[in-house]
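The values are calculated or read from the model by the stated rules, or taken from the named source; none is laboratory data. Nothing here was measured: the structure is a model prediction, and the numbers come from that model. Here the Cβ positions follow ideal geometry from the backbone for every residue, glycine too, while neighbour counts run over all protein chains shown. Heads up: the accessible areas ignore ligands, DNA and RNA and are worked out on the full protein's heavy atoms, side chains in. Shrake-Rupley method; radii C 1.70, N 1.55, O 1.52, S 1.80 Å.
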Amino acid sequence: MVDTIEFVLNRKPVRLQVEKDRALLWVLRTDLGLTGTKFGCGTGACGTCTVIINQEAVRSCQIPMADVKSKEILTIEGLAMNGRLHPLQQAFVDNNALQCGFCTPGMILNAYSLLLKNSAPTEAEIIAGMEENLCRCGSHIRIVQAIQTAAKQMRG
Amino acid sequence: MKEIKMHNPESSVAEALSVDRRQFLKILGGGIIVYFAPGLPSYAPDTIAAGGPALPKDFNAFLSIAEDGRVSCFTGKVEMGQGIVVSLAQMLAEELDVPLGSVNMVMGDTDLCPWDAGTYGSMSVKYFGPPLRAAAAEARAVLIQLAGERLGVAPERLETKSGIVCEKQSPDKKVSYGELAKGKRIERQLPDKPSLKAISGFTISGKSPLRTDAVLKVTGTAKYAGDISLPGMLYARILRPPAHGAKLLEAETSAAEKIPGVQVVRERDLIAVLHSRPDEAENALKAIKAKFSRPETNLNDGNIFERLLAAAPAGKIVAEAGDISQGKGMASKVTQATYTQGYVAHAPMETHTAVAKMDDGKVTVWASTQQPFGAQKQVAEALSLPLQNVRIITPFLGGGFGGKNDNKQAVEAARLAKLTGKPVQVAWTRAEEFFYDTFQPAAVVKVESGLDASNKIVFWDYHVYFAGGDKAPSFYDIPHKKTTAYGSWSESRSSHPFGTGPWRGPNGNTNTFARESHMDELATKAGMDPLSFRLDHVQDKRLLRVLDSAAKAFGWSSAPSPSGKGRGMACGIYKGTCIAAMGEADVDKSSGRCQVKRLVCVQDVGQVVNPEGAKMQMEGCAMMGLGYALSEITRFRDGEILDLSFDTYQLPKFSWMPKIETVLIENPDVPPQEGGEPMITLMGALVANAIFGAIGVRFHELPMSPERVLKALNESRGKSGKG
Ligand code: FES
Ligand code: FES
């Protein structure tokens with residue numbers, strides 16, 4: 001069932017003719033060419049496809065297009081503004097919080113929503129909040145450090 | 001004094017250039033190019049002897065300095081997270097005297113890069129580093145010579161600095177590399193005896209610059225194979241058997257064919273559906289009704305070890321010292337133990353992916369592969385094309401760990417591109433990834449050993465089934481020892497019910513688990529502290545230093561195990577890298593879950609090119625190693641893989657994270673060794689020893705999952721009558 005779906009993507013309005021049951025992940029990656037959102041499992045189990053919808057981290061492989069109607073979506077491509085990295089991105093770079101980098105967009109966006117809810121998380125809160133995002137390279141330690149660094153910086 | 005052969009390379013190089021190499025020169029344009037020449041330079045033989053990759057035999061560029069001063073390094077190695085995109089650039093920049101930022105790494109492109117066996121076995125810096133440095137040294141010598149002519153100054157009065165050549169006494173008299181390269185086409189071969197810089201003068205190597213790929217990766221602009229999109233590209237989904245060994249009986253594709261935009265392709269074993277959108281292709285695949293025969297092998301993850309032992313080829317003695325029977329005569333306490341490890345998946349976050357396009361009988365494949373040149377050969381064979389008509393381009397890899405050497409997906413994409421005449425992307429699903437993984441092979445180790453009255457090991461009789469290799473022989477100082485291998489991990493592929501292959505630390509994990517667990521068992525028998533017991537049997541000075549530094553950093557106090565404290569240790573010598581790790585774990589007696597709370601990892605890798613990079617690799621090894629120690633095993637039944645998702649195949653998560661302290665021992669006397677693998681091999685035994693320390697239960701099988709721990713706890717309670 002094709003439907004017209006309007007939403008805001010990385011601060012710009014988008015209007016798409018698209019089947020309502022298609023997963024947001026594939027629409028982002030193929031129809032919209034935003035390949036920063038990664039496919040890792042397609043079943044909601046890994047978090048590489050994480051995007052932000054209305055300030056909440058969600059797994060785009062599990063989100064049908066019908067659900068994004070009138071919503072505000074932020075993907076990794078929309079995080080840096082005016083050519084400047086977001087503090088989380090900068091902290092991931094500075095802390096070497098990545099190896100292969102495939103989990104990185106999902107990690108950063110999941111952390112982004114975590115910090116929206118809790119601007120000064122403890123280490124235990126970061127671990128709990130990041131728990132279901134998988135990283136096979138074992139960058140976990142530095143990811144936690146990067147989130148702590150960014151949180152501090154964002155609090156000013 | 002510098003020794004540069006001032007032959008006329010232009011003619012000899014040109015003669016030896018094959019047609020495609022001339023093509024390559026055209027792509028490269030002018031400038032200064034340093035090749036690897038046929039005939040091996042003096043530093044090559046031991047890399048070959050050590051089982052390293054064969055070096056290129058044709059003329060291939062290693063580096064070029066373009067007319068605009070840009071330096072490009074061409075390597076068949078690929079970047080899959082291990083950070084060589086930085087460490088190799090550092091080695092080059094150091095030797096050539098250019099800013100790190102001016103080095104452009106061209107990796108894994110079979111049209112542009114020197115032939116390479118593949119990126120595995122943690123060998124990039126160790127084996128590719130020396131010729132790369134030699135090439136840079138040669139280029140620098142050429143630049144100095146050219147500058148001498150240009151400036152009218154004798155070469156010995158010149159020096160290089162950050163991309164320029166200047167006179168030592170009057171630095172204003174200078175010329176940049178770009179100016180020197182302009183309008184030139186200078187080709188050089190690698191010198192036989194490169195005159196390399198002294199390590200003491202290093203300013204780039206030995207530091208930890210920020211990763212050049214990091215900004216791309218945090219902004220989502222880094223391209224992986226699945227991010228390549230070509231006009232008119234179709235996404236393919238392929239019909240798969242439900243089990244290894246299953247045969248296709250019939251497939252009904254008409255329903256799929258009716259879906260608008262779907263193309264169904266069938267060629268021999270390959271049945272695929274294609275669509276311009278991957279999710280539509282997925283739907284079309286579901287519309288295919290297929291019947292397969294199901295094999296009945298009665299083989300599963302429970303009985304596999306028995307079967308492997310029964311099927312094992314004859315043993316070969318791979319290392320021997322003294323005489324076991326004599327050693328047995330000296331022993332007062334004999335210990336026998338069997339250790340097992342099941343199949344372990346690589347599970348990179350990026351599944352096998354490739355994009356292929358065909359033009360004028362030439363195929364280009366962007367592939368997530370650790371072996372671009374292997375893929376080139378496989379694609380050429382599958383499509384009956386000459387090798388030079390196949391180009392493999394390797395974008396960033398979303399993890400490899402030894403699992404991306406087989407290139408099945410690259411061949412599939414190429415075949416489908418040929419059959420459809422359109423660009424095709426093949427990206428495996430997670431289930432396909434788990435199904436077609438080339439698992440770390442299941443293996444068995446049997447050890448018999450003896451202690452004499454003074455608690456010295458007098459004999460060590462080690463039998464390894466399906467994991468034989470360089471990590472099997474013990475480095476401990478034991479007068480009578482013998483290692484017998486029944487099938488190496490790589491030779492014995494056909495004995496396994498599905499694909500197996502290298503996995504981070506090939507043949508290191510099972511063997512180290514057996515050796516280091518056994519050492520602790522002997523220490524317990526001797527009533528000794530596990531560290532003191534090991535120290536009594538280690539002579540290697542580097543290893544002693546590593547052990548000493550681990551003990552200090554950890555605060556290891558001497559106590560026999562089990563101390564009730566959950567401490568565990570393990571050490572090793574891994575292809576020239578000395579390692580030790582000590583840790584502390586808690587075992588939750590109600591859930592059986594083991595939590596490693598603290599870990600100290602110490603590594604001596606010789607010269608350190610990038611300290612932070614080396615530490616990241618150690619941390620990554622520790623985290624990944626906790627997986628095979630505590631949860632990872634692939635269950636199967638009659639060729640069917642039962643763990644096809646992250647729901648049941650559990651990777652280490654954030655909450656597993658111990659406090660990790662990593663210590664690098666600088667060792668400038670030893671050339672850089674590799675650091676991407678060694679530490680992972682210690683994790684199995686370290687955890688087993690720590691669990692024993694905590695609850696007094698000894699595990700001989702990996703992984704030590706909560707269920708197994710719980711079961712063992714119940715059994716031991718039953719035995720002691722407390723249950
Ligand atoms: S791809 Fe969506 S959670 Fe894994
Ligand atoms: S950095 Fe490779 S999966 Fe996280």
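Residues are listed down the side, and each one gets a yes or a no for (1) in contact (Cβ under 8 Å) with a residue 24 or more places away in the chain; (2) away from ligand 1 (no atom under 13 Å from the Cβ):
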{"position": "A:17", "(1), (2)": "no, yes"}
{"position": "A:20", "(1), (2)": "yes, yes"}
{"position": "A:55", "(1), (2)": "yes, yes"}
{"position": "A:80", "(1), (2)": "no, yes"}
{"position": "A:85", "(1), (2)": "no, yes"}
{"position": "A:89", "(1), (2)": "no, yes"}
{"position": "A:107", "(1), (2)": "yes, no"}
{"position": "A:116", "(1), (2)": "yes, yes"}
Listed by first then second residue, the pairs whose first member lies in the range B:608-620 and is within 8 Å of chain A (Cβ to nearest Cβ), whose partner is among the aliphatic types (A, V, I, L, M) and surrounded by fewer than 24 Cβ atoms within 10 Å (Cβ to Cβ), with beta carbons under 6 Å and at least 6 positions apart or on separate chains, are B:619/A:141; B:619/B:660
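Yes/no per residue for (1) over 20 Å from residue B:208 (Cβ atoms); (2) open to solvent by 10 Å² or more (accessible area, probe 1.4 Å); (3) not assigned by TED's automatic domain parsing to the domain that holds residue B:180:
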| site | (1), (2), (3) |
| --- | --- |
| B:78 | yes, no, no |
| B:81 | no, no, no |
| B:93 | no, no, no |
| B:98 | no, no, no |
| B:103 | no, yes, no |
| B:106 | yes, yes, no |
| B:111 | yes, yes, no |
Which listed residue, of B:216, B:230, B:234, is within 13 Å of chain A (Cβ to nearest Cβ) and open to solvent by 40 Å² or more (accessible area, probe 1.4 Å): B:216
Tally, over the range B:258-283, of residues that are open to solvent by 70 Å² or more (accessible area, probe 1.4 Å) and assigned to a loop (DSSP other than H, G, I, E, B): 3
Out of the residues in the range A:135-156 meeting the condition of being more than 21 Å from residue B:652 (Cβ to Cβ) and more than 16 Å from the chain's Cα centre (by Cα), tell me which one is least open to solvent (accessible area, probe 1.4 Å). A:151
Which of the following residues is assigned to a helix (DSSP H, G or I), at pLDDT 95 or above, surrounded by 17 or more Cβ atoms within 10 Å (Cβ to Cβ) and among the β-branched types (Val, Ile, Thr): B:697, B:687? B:687
Within the range B:607-627, how many residues are crowded, with 24+ Cβ neighbours inside 10 Å and of a type in the set (S, T, N, Q)? 2
Test residue A:109 against the stated conditions and say whether it is more than 7 Å from chain B (Cβ to nearest Cβ), more than 16 Å from ligand 2 (Cβ to nearest atom) and either surrounded by fewer than 24 Cβ atoms within 10 Å (Cβ to Cβ) or modelled with pLDDT of 95 or more (or both). no
Determine, yes or no, whether residue A:22 is among the charged types (D, E, K, R), more than 16 Å from ligand 2 (Cβ to nearest atom) and surrounded by 18 or more Cβ atoms within 10 Å (Cβ to Cβ). yes
If I ask for residues that are of a type in the set (D, E, K, R) and modelled with pLDDT of 95 or more, which ones from the range B:283-315 would you list? B:286, B:289, B:291, B:301, B:306
Name the one entry in A:23, A:91, A:57 that is modelled with pLDDT of 95 or more, on the phi < 0 side of the Ramachandran plot and more than 10 Å from chain B (Cβ to nearest Cβ). A:57
Would you kindly identify the strands (runs of 3 or more DSSP E) lying entirely within the range B:290-368 that contain at least 3 residues that are more than 21 Å from residue B:514 (Cα to Cα)? B:353-359, B:362-367
Extreme residue, nearest to the other protein chains (Cβ to nearest Cβ), among residues of the range A:29-39 that are surrounded by fewer than 23 Cβ atoms within 10 Å (Cβ to Cβ) and assigned to a helix (DSSP H, G or I): A:30
Being within 16 Å of ligand 2 (Cβ to nearest atom) and within 13 Å of residue A:96 (Cα to Cα) is the filter here; which residues of the range A:134-155 pass it? A:137, A:138, A:139, A:140, A:141, A:142, A:143, A:144, A:145, A:146, A:147
So, first residue facing another protein chain (nearest Cβ under 10 Å) and on the phi > 0 side of the Ramachandran plot in the range A:134-150, second residue in a loop (DSSP other than H, G, I, E, B) and within 12 Å of ligand 2 (Cβ to nearest atom), Cβ within less than 8 Å, six or more apart or across chains; the pairs are A:138/A:99; A:138/B:652
Report yes if residue B:221 is within 24 Å of residue B:80 (Cβ to Cβ), in contact with a helix residue (DSSP H, G or I) (Cβ under 9 Å, 6 or more places away or on another chain) and open to solvent by 60 Å² or more (accessible area, probe 1.4 Å), otherwise no. yes
Which residues, taken from the range B:375-410, are part of a helix (DSSP H, G or I), modelled with pLDDT of 95 or more and surrounded by fewer than 24 Cβ atoms within 10 Å (Cβ to Cβ)? B:377, B:378, B:380, B:381, B:382, B:383, B:389, B:408
Residue among A:53, A:76 that is more than 16 Å from ligand 2 (Cβ to nearest atom) and closer than 22 Å to residue A:10 by Cα: A:53
Residue that is charged (D, E, K, R), within 16 Å of ligand 1 (Cβ to nearest atom), within 20 Å of residue B:623 (Cα to Cα) and open to solvent by 30 Å² or more (accessible area, probe 1.4 Å), where the choices are A:132, A:125: A:132
Answer yes or no: is there a residue in the range A:45-52 that is in contact with a helix residue (DSSP H, G or I) (Cβ under 7 Å, 6 or more places away or on another chain) and facing another protein chain (nearest Cβ under 10 Å). yes
So which of B:655, B:716 is surrounded by fewer than 17 Cβ atoms within 10 Å (Cβ to Cβ), more than 14 Å from chain A (Cβ to nearest Cβ), outside any strand (DSSP E or B) and of a type in the set (Ser, Thr, Tyr)? B:716
Tell me, please, whether a residue that is part of a strand (DSSP E or B) and either in the same structural domain as residue B:641 (by TED's automatic domain parsing) or closer than 17 Å to residue B:428 by Cβ (or both) can be found in the range B:237-257. yes
Selection status of residue A:64, within 15 Å of ligand 1 (Cβ to nearest atom), more than 13 Å from the chain's Cα centre (by Cα) and open to solvent by less than 50 Å² (accessible area, probe 1.4 Å): yes
Out of curiosity, is residue A:44 more than 26 Å from residue B:231 (Cα to Cα), at pLDDT 95 or above and more than 16 Å from ligand 2 (Cβ to nearest atom)? yes
Unique match (being touching a helix residue (DSSP H, G or I) at 6+ places or on another chain (Cβ under 7 Å), open to solvent by 80 Å² or more (accessible area, probe 1.4 Å) and over 30 Å from residue A:139 (Cβ atoms)) among B:161, B:173: B:173
If we keep only residues of the range A:40-51 that are of a type in the set (Ser, Thr, Tyr) and crowded, with 24+ Cβ neighbours inside 10 Å, then the residue nearest to ligand 1 (Cβ to nearest atom) is A:48
